[in-house]
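Where a number appears in this text, it was derived from the coordinates with a stated rule and is not lab data. Bear in mind the structure is a predicted one, so any value in this text is a computation, not a measurement. Methodologically, a virtual Cβ is constructed for each residue, glycine included, from the backbone with ideal geometry; neighbour enumeration extends over all protein chains shown.
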């Protein structure tokens, strides 16, 4: 069966994308609200774009009211954020932080997610997260009639937990990934592929 996506509603395309483009890495993004506390939200329309400059893309929708989501508003205003790669053990907190709160309400405070200061960076990182990229706003691109906003972030520095720093072994990272609906995943079996000799 072939589905003509030109004829489908955006909600159906979203359902198809999120159930077939899998697994998707999660950017757990911390930003600063205007009242100086911290917003924290997960996004799975996220991936690496370039190594030089070191860029990520994050696609962010709108609230039901049509207003920008808090993460988008904060990034475009303050120009800084911290992108964490959550691990499997953080799954419940990641889900909690996806809930819609009033602007200025802090997910880190509401769900008791501890942060720790970062030297020479305006924002803290999540204390438990094994990976944190300290990022600066690079570019914003508005897409479609709704609209969806594609944000490019430039990674300025990287925190790696000492347990994974040397090997970057995926098994020790146990990254959390998003599937369709409310289903998440982490690493199952993994394998190496070596090029055949001609």
With a ≥ b ≥ c the root eigenvalues of the C-alpha gyration tensor of segment 26-123, is it rounded (a/c under 1.5), prolate (a/b larger than b/c) or oblate?
-> rounded
What does the highest-first list of 130-140, 96-106, 174-184, 9-19 look like by mean Cβ count within 10 Å?
-> 130-140, 174-184, 96-106, 9-19
Within segment 2-95, the percent of DSSP beta bridges that are antiparallel, given to the nearest 5, stands at 100
Shape call for segment 41-91, from the Cα gyration tensor axes a ≥ b ≥ c (a/c under 1.5 means rounded, otherwise prolate when a/b beats b/c, else oblate), comes out oblate
Sort segment 85-168 into rounded, prolate or oblate with this rule: let a ≥ b ≥ c be the square roots of the eigenvalues of the Cα gyration tensor; rounded if a/c is under 1.5, and if a/c is not under 1.5, prolate when a/b is larger than b/c, oblate otherwise.
-> oblate
What label, among (i) 53, 32, 24; (ii) 60, 44, 24; (iii) 58, 48, 33, belongs to Cα extents along the principal axes in Å computed from the structure on display?
-> (iii)
Could you please rank 1, 95, placing first whichever residue has the fewest other Cβ atoms within 10 Å of its Cβ?
-> 1, 95
